[in-house]
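The values are calculated or read from the model by the stated rules, or taken from the named source; none is laboratory data. No experiment lies behind these values; they were computed from the predicted model shown. Here the Cβ positions follow ideal geometry from the backbone for every residue, glycine too, while neighbour counts run over all protein chains shown.
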Amino acid sequence: MIKRYKNKEPNLDNTLYISETSVVIGDVTIKKNASIWFGAVLRGDEAPIVVGENTNIQDNCVIHADEGNNVIIGEGCTIGHGAIIHGCNIKNNVLVGMGAIILNGAKIGNDTIIGAGSLVTQNKEFEDGVLIFGNPAKVVRKLTEEEIEENKKACLIYLKASKEYK
């Protein structure tokens, strides 16, 4: 379902895929070749949400922005099943593991992996190219170039699948 809210209508590129069971409300911009999978909810009712090119938002994710805490998700990101993204900034080529939670004001650097089930607390900032894990989330180690490239390849799998579903 795509829904206008308070005179704000989602701005959706015509190349993207949105499943019929997803909900996109209000001030939400979704860019080229992004995909929004089954049961995902993107609620731009209080502040803007931007989803970058080639990014996939997997099944049952919740993305919401509070006033003063926009959500910006960069290009080539994978937001894993059941993740909660709330009022934060995620750079490019980031993998957010299944069930991870990222809270208001957090900033995630480029080429980063957030482990499944991790909790990134409010206003926490992480540098580029790291593996983050835990509750609260902490840097475990730097990622290898191979891991960074694998992130990019995983994103392309969802891009291909989205074209088959469309």
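Would a scan of the range 8-23 turn up a residue that is at pLDDT 95 or above, aromatic (Phe, Trp, Tyr) and out of contact with any Cys (no Cβ under 7 Å at 6 or more places or on another chain)? Checking the range 8-23: at least one residue is at pLDDT 95 or above, aromatic (Phe, Trp, Tyr) and out of contact with any Cys (no Cβ under 7 Å at 6 or more places or on another chain).
Looking across the range 27-63, the residues that are surrounded by fewer than 19 Cβ atoms within 10 Å (Cβ to Cβ), of a type outside the set (Phe, Trp, Tyr) and out of contact with any Gly (no Cβ under 6 Å at 6 or more places or on another chain) come down to Thr29, Lys32, Gly39, Val41, Glu46, Ala47, Pro48, Glu53, Val62. Reported count of residues in the range 95-141, each being of a type in the set (Val, Ile, Thr) and farther than 16 Å from Cys77 by Cα, is 4.
For (1) touching an Asp or Glu at 6+ places or on another chain (Cβ under 8 Å); (2) at positive phi; (3) at pLDDT below 95; (4) crowded, with 19+ Cβ neighbours inside 10 Å, each residue gets a yes or a no:
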site: Asn92; (1), (2), (3), (4): yes, no, no, yes
site: Asp111; (1), (2), (3), (4): yes, yes, no, yes
site: Gly117; (1), (2), (3), (4): no, yes, no, no
site: Gln122; (1), (2), (3), (4): no, no, no, no
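Among the residues here, Asp66 qualifies as closer than 20 Å to Asp27 by Cα, surrounded by fewer than 18 Cβ atoms within 10 Å (Cβ to Cβ), touching a Gly at 6+ places or on another chain (Cβ under 9 Å) and not polar (S, T, N, Q). For the range 3-60, filtered to residues that are in a strand (DSSP E or B) and polar (S, T, N, Q), the residue that is farthest from Ile90 (Cα to Cα) is Asn11.
Among strands (runs of 3 or more DSSP E) entirely within the range 61-166, having at least 2 residues that are under 20 Å from Val51 (Cα atoms) and touching a Leu at 6+ places or on another chain (Cβ under 9 Å) singles out 62-64, 84-86.
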